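One structure is given below, encoded as structure tokens.
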Amino acid sequence: QIASTEKADVIIVGAGMSGLCAAISAAEEGGKVIVLEKTNTVNFRGYDYAAVNSRVQQQVGNHLDPVDVTREIMRFGAYKPNQKVVMQWVKHSGHVNDWLLDMALNKGCKVQHIWTYDEMVAEGATLPTRPSMTFVLEPTQEAIEKAPKGMIGGKPVIAMAYTLLSTAQDKGVDLRFKLPAVQLVREDDNKGRVTAVIAKDKEGKYYKFIGEKGIILCAGDYGHDKEMLHYYIPSADTVKINLYPSKANTGDGHKMGMWVGAAIDEGPHAPMYFDFGMVNAPGLADSVMRQPWLSLNNYGERFANEDVPYPFIANSVRQEPDYSKWNIWDSKWPTEAPAMHQTACKSLKSVYHDPKRLQKLIDDGVVKSADSLKELARQMNLPYEKVKAEVERYNEMARKGFDDDFYKRKECLTTIEKPPFYAAHISIALLVTLGGLKINENMQVLDKEKHVIPGLYAAGNNSGSFYANDYCMTIMGNSHGRAYTFGYLAGKQVMKE
């Protein structure tokens, strides 16, 4: 029984990055927009905003070849993604990034950091990244005071959340919090147009929202639906830490779409895995401990080239006992780590490195420290003779500058000989699931026959057709880049209806 019915040009499900970008974009075209949000606030986490040749990239001389970027994303997805969809991001992300930054500057935010080529690209890396990331924001005091609580990523995330929320409000977007969407309405026995969304409040009352131009699904991933996670990403069964996904992210948009005939990406879906997780402590591992130092499994054996993109590290670690590894380094790290020229999330030159956090982890005993390898092995609960043999072998290869065992590049071969010695027990963390409803280049949701479902659009992690197998880590920040770009494009496209 429907308690009330309302109409708007556009109904958007989800108030995250893609949802708010879609709302602002549609409102700019004169649309009346209602956003239905399951939680009590907007949802943001992380601050890596990739683009292809945006204004700030051009300012610092970073140029990306659109052909190379397209091929790299397709290669990581083993050519399962829809290249027309991928090319929409490559084509439009630059000017949408400019649009996003202009909004932030208009709200008084400052640019804290612009990524440079040197920070992004490690020459000679096994698989080098591209200079795809753009800016990091510094919020105003007003933004800090008014920002929703509990977002992961600190001040840069606060700045973006405040920018998009306040801009949406300025544009007259009607945001309804604590009102989750539960069902789509499709005419003609699920063969016609999607015309409305049914939402349910905490009292159990149902409300109907008619989207006269269309419905845009931006409800996030399914990282906290265990059944979906097991079915679509079986490898996640081995992952100890579900780091970023909101507990409200239970695949609601995916399910509502499939219930009205939408197709979903072929499984297994791509996860975003990072070597971020600490086995014996909550939260993120500091950049220092995540450099490509010597890694040992729980038998004290080296098992892989440590200098590969993070999804590939995750793949190798998941083959090891207890799905975890020990990274080991020594007191020379202040000079050796920067010399490795690690990029993006492992960079020591940028906002990612927090030396105070590392010292606290050492003080708390989370990062093990000892003046001898024997004591370090004891603290790690690994057989000393195994550890000693692996370290001696590693030191021998480091001195001659060639990794005979796994062919790691020489810049990442560092001796472990000057105490104190350090070790961190690191596991794999799931940041987000990346499979979604199949879409075309206009963000329109498709059925299993690849026909458009009229009136239904998807963006952000509700949308598919972009990822498969592994997250394309060599184009850093493309997940957020896709979210804001496709939200923007969906908002523009729906207003053409």
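Taken over segment 275-430, lysine pairs spaced eight or more positions apart, or on distinct chains, with alpha carbons under 12 Å apart number 5. For M397, M133, M289, M120, the sequence from fewest to most other C-beta atoms within 10 Å is M397, M120, M289, M133.
Counting lysine pairs in segment 1-127 whose alpha carbons fall under 27 angstrom apart, excluding pairs fewer than 8 residues apart on the same chain, gives 7.
May I ask you to list the chymotrypsin sites (Phe, Trp or Tyr not before Pro) in segment 36-100 that are in a DSSP loop and have at most 14 other Cβ atoms within 10 Å of their Cβ? Hits after loop and neighbour filter: Y79.
Applied to segment 177-194, the Karplus parametrisation 6.51 cos²θ - 1.76 cosθ + 1.60 on θ = phi - 60° returns per-residue 3J(HN,Hα) values of 8, 6, 9, x, 6, 10, 7, 9, 10, 10, 6, 6, 6, 6, 10, x, 8, 7 Hz, with x for Gly and Pro. A cut-off of 5 Å between modelled amide H atoms, ignoring neighbours fewer than 5 places along the same chain, links A458 with L217, V445. For the chain, complete DSSP H runs whose alpha carbons reach 30 Å or more along their own long axis and whose mean Kyte-Doolittle score is -1.0 or higher are 83-106. A convex hull fitted around the alpha carbon atoms of the chain yields 140 Å³ per residue. By the count of other C-beta atoms within 10 Å, a proxy for reagent exposure, S369, S4, S25 are ordered fewest to most as S4, S369, S25. Computed extension length for D354-D102: 87.9 nm, one decimal, from 0.36 nm per residue of separation with the Cα-Cα distance subtracted. Computed from backbone phi with θ = phi - 60° and the Karplus coefficients 6.51, -1.76 and 1.60, the 3J(HN,Hα) list for segment 451-457 is 8, 5, 8, x, x, 10, 10 Hz; x is used for glycine and proline. Note on T415, T129: ascending count of other Cβ atoms within 10 Å places them as T415, T129, the fewest first. Taking every DSSP beta bridge with both residues inside the chain, roughly what % is antiparallel (nearest 5)? Around 65 percent of the beta bridges assigned by DSSP in the chain are antiparallel ones. Applying a DSSP loop filter and a limit of 16 other Cβ atoms within 10 Å to the trypsin sites (Lys or Arg not before Pro) in segment 240-336 leaves K240, K247, K332. Its residues counted as N, segment 275-430 yields a C-alpha radius of gyration over 2.2 N^0.38 Å of 0.94.
Quick note: the coordinates plus some simple rules give every number you see, no bench work behind them. Predicted model only: the values in this text are computed from it and were never measured. Cβ atoms come from the backbone with ideal geometry, glycine included; neighbour counts cover every protein chain shown.
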